[in-house]
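Okay, so here's the structure we're looking at.
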Amino acid sequence: MRAKSIETLFQCPYCQLDMHVEHEASFICKQKHTFDFAKQGHLYLLTGQKRKPSHYNTSLFEARQQIIMESGLFDRFHAKMRKLLAGTTGTVVDLGCGEGSHSKSIVNEEATVAIGLDIAKEGIVQAAKSYEGILWLVGDLAYSPFKAHSMDVILTILSPSNYKEYKRLLAPGGNVVKVVPQREYLQELRTFFYAGQEKETYSNEETISLFKQHFRETTIKTITYSAMIKKSDLPALLKMTPLTWKAQNERKIAFLDQDVMDVTIDFAVLIGKEPRIH
């Protein structure tokens with residue numbers, strides 16, 4: 001993907017002015033704020049704000065990649081999402097894409113431009129090393145690098161939402177596609193680690209209600225199935241999900257001692273059109 005061909009999508013995250021590409025190597029705005037492509041091919045568009053320490057490091061993104069691309073757990077989810085997005089053209093952006101495995105598996109080739117953005121540099125570096133055909137960006141929606149009405153499809157999978165920014169970015173006739181967990185998502189892990197505790201159950205009613213408040217037209221699709229995880233994938237599954245980060249060590253040891261495990265995928269896919277203007 002030639003950077004010059006998509007420069008009209010971008011604004012400077014510092015001053016919101018237009019940016020242009022020089023020598024297919026840098027984005028530069030009219031005030032000379034400059035953003036260089038890394039050798040891996042990604043673009044760093046953060047404005048100097050410091051990230052708080054978090055679990056979202058290289059080892060977590062490696063675990064995510066293993067589970068998403070190698071274990072088979074998400075294969076049926078990807079297939080259903082590809083059908084859902086079939087025929088999608090224009091610019092598609094995955095906000096909160098992490099290491100990009102879902103993006104690469106879901107975004108159809110019909111998309112004119114495919115972009116993945118995440119605030120975690122570790123995830124984007126891994127995405128750029130692993131997957132071609134998508135423009136990978138380190139950036140923060142609070143300091144958006146995109147122009148208004150520049151995105152035809154906004155995709156967000158198990159990530160927080162910024163509805164104000166979604167509405168600004170969405171092109172006329174575009175869609176926001178938000179994937180959220182339902183009650184049975186990873187229920188086997190919830191039961192294993194938190195049986196009898198509040199964390200054993202989950203509800204997404206507030207999330208869905210809030211989404212509906214922001215769009216005049218909302219369609220909801222569900223994707224639910226179970227898949228078997230083999231023993232060699234259990235360490236990566238343990239590492240990748242926030243469900244287990246605060247679990248007791250003895251339960252983690254017992255979890256890893258299993259031979260195989262059935263795991264439930266249970267998603268609601270929220271498709272929003274015609275943003276409400278408040």
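Nothing in this text is a laboratory measurement; each read-out follows from the coordinates by a stated rule. Keep in mind the model is a prediction, meaning the values are calculated, not measured. Because the Cβ atoms are built from the backbone with ideal geometry, glycine has one as well, and the counts that use them run over all protein chains shown.
Plugging the Kirkwood radius over Cα pairs into Stokes-Einstein for segment 22-86, at a temperature of 10 °C and a viscosity of 1.306 mPa s, what D comes out in µm²/s?
Rounded to a whole number, D works out at 101 µm²/s.
Quick one: of the DSSP bridges fully inside the chain, what percent are antiparallel, nearest 5?
60
Figure the gain on full extension for Lys121 and Lys39 (residue separation times 0.36 nm, minus the Cα-Cα span) and round it to one decimal in nm.
Value of the extension gain: 28.2 nm.
Below 8 Å, C-alpha to C-alpha, sequence gap of six or more: please give me the relative contact order for segment 76-162 in percent.
Value for segment 76-162: 34 percent.
Given R₀ = 22 Å, FRET efficiency for Glu184-Glu132 by Cβ-Cβ distance, to 0.05?
0.05
Which length gain, in nm to one decimal place, applies between Ala86 and Ile253 when the Cα-Cα distance is subtracted from 0.36 nm times their residue separation?
Separation in residues times 0.36 nm, less the Cα-Cα distance, equals 55.9 nm.
Given points 7 Å out from each Cα along the Cα-Cβ axis, report the Arg76 to Asn57 separation in nanometres with one decimal.
3.5
Using Kirkwood radius over Cα pairs in Å as the read-out, say which of (1) 23.3; (2) 19.8; (3) 18.9 was calculated from these coordinates.
(2)
Rg(Cα) of segment 180-262 divided by 2.2 N^0.38 Å?
Relative to the 2.2 N^0.38 Å estimate, segment 180-262 comes out at 1.31.
Viscosity 1.306 mPa s, temperature 10 °C: what is the translational diffusion coefficient of segment 149-188 from Stokes-Einstein with a Kirkwood Rh over Cα pairs, rounded to a whole number of µm²/s?
Diffusion coefficient, whole number: 141 µm²/s.
In a GNM of the chain with a 10 Å cut-off on Cα contacts, which of Ile253, Ile67, Ile223 has the highest mean-square fluctuation?
Its mean-square fluctuation being the largest, the pick is Ile253.
Using DSSP to define loop residues, name the chymotrypsin sites (Phe, Trp or Tyr not before Pro) in segment 43-98 whose beta-carbon has at most 11 other beta-carbon atoms within 10 Å.
Answer by residue number: there is no such site.
Given a Förster distance of 25 angstrom, what is the FRET efficiency for Lys164 paired with Asp18, based on the Cβ-Cβ distance and rounded to 0.05?
0.70
For segment 1-145, what is the convex hull (Cα atoms) projected area averaged across all directions, in square nanometres?
The orientation-averaged projected area of the Cα hull of segment 1-145 comes to 8.8 nm².
Taking θ = phi - 60°, what integer Hz values does the Karplus form 6.51 cos²θ - 1.76 cosθ + 1.60 yield along segment 187-196, in sequence order, with x for Gly and Pro?
After applying 6.51 cos²θ - 1.76 cosθ + 1.60, I find 4, 4, 6, 4, 5, 5, 9, 9, 4, x Hz.
Mind listing P(r) for segment 225-273? All alpha-carbon pairs, 10 Å bins, whole percents.
The percentages, shortest bin first, are 22, 47, 20, 9, 2.
Between Ser26 and Ser203, what is the spin-label point distance in nm, taking each point 7 Å from the Cα along the Cα→C-beta axis?
A separation of 5.4 nm, rounded to one decimal place.
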